[in-house]
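Note sheet for the following structure.
The values are calculated or read from the model by the stated rules, or taken from the named source; none is laboratory data. The model shown is predicted, which means the values in this text are computed figures rather than measured ones. No Cβ is skipped: glycine too gets one built from the backbone with ideal geometry, and neighbour counts run over all protein chains shown. The area values use the complete protein model at the heavy-atom level, side chains included, leaving out ligands, DNA and RNA. Shrake-Rupley method; radii C 1.70, N 1.55, O 1.52, S 1.80 Å.
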Amino acid sequence: IRIRLQVVDFQSQIIQAIQDGNQARADLRVLLGLSPSVDVLLTTQLDYHLVDPDIVALRRLALDTRPDIRMKRLTQSQRMADLRLAKAYRIPDITAGAGYGVQGPHGPDNQQQVALSLGIPLPLFNRNQGGIAQAEVSTQVADADLQKAIVQVENDVEIAYRNLLESRRLVETYRGGVLEDARLTLTIVEKAYERGGATILDLLDAARTSRTIQQNYIETLFNYQRNLFLLENAVGREISS
């Protein structure tokens, strides 16, 4: 009865894994804009590659390359330029002119006129206070948005980096001997079963334990790769080491 139950359990896990794989491939086709008739095949094995980036360099790189930070900085520069322009409008446009005129025929007794003109816009008390105040508020808003974005990016990089370290440590724990111990245990029980020193249930339990350890390792390795991708997404650039 226990053997039959374990067989059903194994088959259920296989079917669930097949369904998960089909759903993952369907999601990938949607992202790539492919039709269901296109086969999506795994060409590389999920493997472990040590990545040990510098958190200080990652923060600096994120602040230099993230598109949202660059957009906020451009907005801040634009608001500062608007403020300088608004302050320039405080000085009124003064116009000056000069003219020379002669009445009648030319001669020493003819009346001559010299005209000077000076124009100052009124009212004189208008120093563009409203425009300056509005530009100052816009600049303050842009500064606050930039600082908020910087804090958000720094926290995104920090949490992604910490998650990568934790997942890497767990992967290295499995690779440090747990996987080999699970395989060795199964081998020992198999040999003992062949010699009559273990029951079929002992063999099934060892096989189940070995399979569970391998599945957990694969999931841990997947989480490590996913956290690496999330860190690259937080930084805004691919991380090679």
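Only one of the numbered conditions (1) closer than 21 Å to V235 by Cα; (2) touching a helix residue (DSSP H, G or I) at 6+ places or on another chain (Cβ under 9 Å); (3) assigned to a helix (DSSP H, G or I); (4) open to solvent by 70 Å² or more (accessible area, probe 1.4 Å) is not met by R79, and that is (1).
Residue count for the range 184-202 satisfying the condition of being surrounded by fewer than 13 Cβ atoms within 10 Å (Cβ to Cβ) and assigned to a helix (DSSP H, G or I): 6. Being of a type in the set (A, V, I, L, M, F, W, C) and either under 30 Å from K148 (Cβ atoms) or modelled with pLDDT of 90 or more (or both) is a property that holds for L34.
Contact list please: Cβ distance under 9 Å, first residue in the range 226-241 and at positive phi, second residue of a type outside the set (A, V, I, L, M, F, W, C) and in a loop (DSSP other than H, G, I, E, B), pairs at least six apart or on different chains. These pairs meet every condition: G236/R66.
A single member of E172, E154 is among the acidic types (D, E) and either more than 23 Å from T75 (Cα to Cα) or modelled with pLDDT under 90 (or both), and it is E172. Just to be sure before I move on: is D27 under 30 Å from R175 (Cβ atoms), in a helix (DSSP H, G or I) and among the acidic types (D, E) in the structure I sent? Judged against the criteria, D27 is a match.
Residues in the range 142-183 that are hydrophobic (A, V, I, L, M, F, W, C) and open to solvent by 70 Å² or more (accessible area, probe 1.4 Å): V151, I159, L170. The criterion of being free of Cβ contacts under 8 Å to residues at least 60 places away in the same chain, open to solvent by less than 80 Å² (accessible area, probe 1.4 Å) and among the aromatic types (F, W, Y) holds for Y217. The set of residues in the range 221-240 being farther than 19 Å from Q152 by Cα, open to solvent by less than 40 Å² (accessible area, probe 1.4 Å) and either in a loop (DSSP other than H, G, I, E, B) or of a type in the set (A, V, I, L, M) (or both) consists of L221, I239.
Are any residues in the range 33-61 surrounded by 10 or more Cβ atoms within 10 Å (Cβ to Cβ) and under 28 Å from V157 (Cα atoms), and if so, which ones? Within the range 33-61, L46, Y48, V51, P53, D54, I55, A57, L58, R59, R60, L61 qualify. None of R73, R2 is exposed (fewer than 11 other Cβ atoms within 10 Å of the Cβ), out of contact with any Lys or Arg (no Cβ under 8 Å at 6 or more places or on another chain) and touching a residue at least 60 places away in the same chain (Cβ under 8 Å) except R2.
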